[in-house]
Amino acid sequence: MNDKTKIIAVSGKGGVGKTSISAAFVRLLAERKPDAKILAIDADPAIGLSTALGVDVKTTLDDIRKGIVTSVEDGRPKEAIEMLSEARYRIIDSLIEERSFSFLAIGRPEGAGCYCKVNAYLKEVISLLAGDFDYVVIDGEAGIEQINRRVMEKVTHLVLVTDPSRKGTQVVQTIKRVADEMVMYERCGAIINRVSDPGALAYIHIEGVPILATIEDDRAHASNDIRGLSVFELPEDAPVMRGAAEALEKLEIL
Ligand SMILES: Nc1ncnc2c1ncn2[C@@H]1O[C@H](COP(=O)(O)OP(=O)(O)O)[C@@H](O)[C@H]1O
Ligand SMILES: [Mg+2]
């Protein structure tokens, strides 16, 4: 693995803005690091990062996994190492290259067992591909499952997103506690999103997690989302763009 690769994972409760912020990170890196190789991974089976980035996904990681499993079941057993190199070849082949970043989605596996398998696969894929990129941005699944299963083990920068709700900050606190054991992160911080009352910030304290940025509730952002516009169509000074930039600056990535 390229030990200079920065692997940024965005995690938190459902609906707090993980996808919006992940997409903003990708745009900022693409614009401000024009020579860098950037990989965006949609690791949420609920899907959304592709729309937020304006990319059209044809093959997902789950499709690739199924294809490889099928070829093994066809009576062509492969050694694990051979399977990994085939996976790498197929994944690189399926990466969508748009606007100076590559894109990979895990897809929407059917059934709990399949989801577990694709998560295990994703963990390998992160190790496998990280060395080919300077920056990897992972839009995580809601909650702590991927942290707990060490899917995010190699993440270097963990960004925990919450809204001002107590429930959201508790999820952040739980993720941090689990991540301390399961993730080899170098830096961790929180973004408080959708703040409509700045006074509420006085009540937000997350033990051991510095606040990197706060983002106001932005009606223009919500309406762009409804219209299916990508993050590249947001004004540069949109609250989500500004907050995401502030967070990456604090993490010394930008
Ligand atoms: N700062 C914000 N202001 C207004 N709406 C927002 C903001 N951040 C996110 N949203 C909206 O909230 C919803 C959930 O955001 P999303 O980024 O998809 O969250 P998650 O990926 O955590 O589920 C979307 O409709 C999005 O447009
Ligand atoms: Mg999302």
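Taking the listed residues VAL240, VAL183, VAL178, the one that is β-branched (Val, Ile, Thr) and either in contact with a Cys (Cβ under 8 Å, 6 or more places away or on another chain) or under 26 Å from THR51 (Cα atoms) (or both) is VAL240, with no other qualifying. Of the residues making up region 233-249, at least one is more than 16 Å from ligand 2 (Cβ to nearest atom) and among the basic types (Lys, Arg). For region 206-243, taking the residues that are near ligand 1 (Cβ under 7 Å from one of its atoms) and assigned to a strand (DSSP E or B), the one that is surrounded by the fewest Cβ atoms within 10 Å (Cβ to Cβ) is identified as GLU216.
Considering region 96-160, the qualifying strands (runs of 3 or more DSSP E), each wholly inside and each with 3 or more residues that are out of contact with any Pro (no Cβ under 8 Å at 6 or more places or on another chain) and either closer than 16 Å to SER22 by Cα or touching a residue at least 12 places away in the same chain (Cβ under 8 Å) (or both), run over 101-105, 135-139.
Looking across region 40-53, the residues that are buried (at least 24 other Cβ atoms within 10 Å of the Cβ) and touching a helix residue (DSSP H, G or I) at 6+ places or on another chain (Cβ under 7 Å) come down to ALA40, ASP42, ALA43, LEU49, ALA52, LEU53. Inside region 189-219, residues that are more than 16 Å from ligand 2 (Cβ to nearest atom) and either in contact with a Ser or Thr (Cβ under 9 Å, 6 or more places away or on another chain) or closer than 20 Å to LYS176 by Cβ (or both) make up a count of 20. Figure legend. Inter-residue proximity from region 229-251: first residues free of Cβ contacts under 8 Å to residues at least 40 places away in the same chain, second residues in a loop (DSSP other than H, G, I, E, B), beta-carbon distance below 6 Å, spacing 6+ or different chains. Indicated pairs: PRO239/ASP218. Among the residues of region 120-143, those that are within 16 Å of ligand 2 (Cβ to nearest atom) and not charged (D, E, K, R) comprise LEU122, VAL137, ILE138, GLY140, ALA142, GLY143. For region 1-36, a residue qualifies if it is surrounded by fewer than 17 Cβ atoms within 10 Å (Cβ to Cβ) and in contact (Cβ under 8 Å) with a residue 12 or more places away in the chain, and the qualifying residues are MET1, ASN2, LYS4, GLY14, GLY15, ARG32, LYS33, PRO34, ALA36.
Conditions tested, residue by residue: (1) part of a strand (DSSP E or B); (2) within 16 Å of ligand 1 (Cβ to nearest atom).
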site: LYS167; (1), (2): no, yes
site: TYR185; (1), (2): no, no
site: CYS188; (1), (2): yes, no
site: ASN193; (1), (2): yes, yes
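Residues in region 2-48 that are basic (Lys, Arg) and not in a helix (DSSP H, G or I): LYS4, LYS6, LYS13, LYS33, LYS37. Within region 157-165, the presence of at least one residue that is under 25 Å from ILE106 (Cβ atoms), touching a Phe, Trp or Tyr at 6+ places or on another chain (Cβ under 7 Å) and either exposed (fewer than 13 other Cβ atoms within 10 Å of the Cβ) or not hydrophobic (A, V, I, L, M, F, W, C) (or both) is confirmed.
The numbers here are math on the coordinates, done by the rules we state, and not lab data. Bear in mind that the values here come from a model prediction, so they are computed numbers and not experimental data. Because the Cβ atoms are built from the backbone with ideal geometry, glycine has one as well, and the counts that use them run over all protein chains shown.
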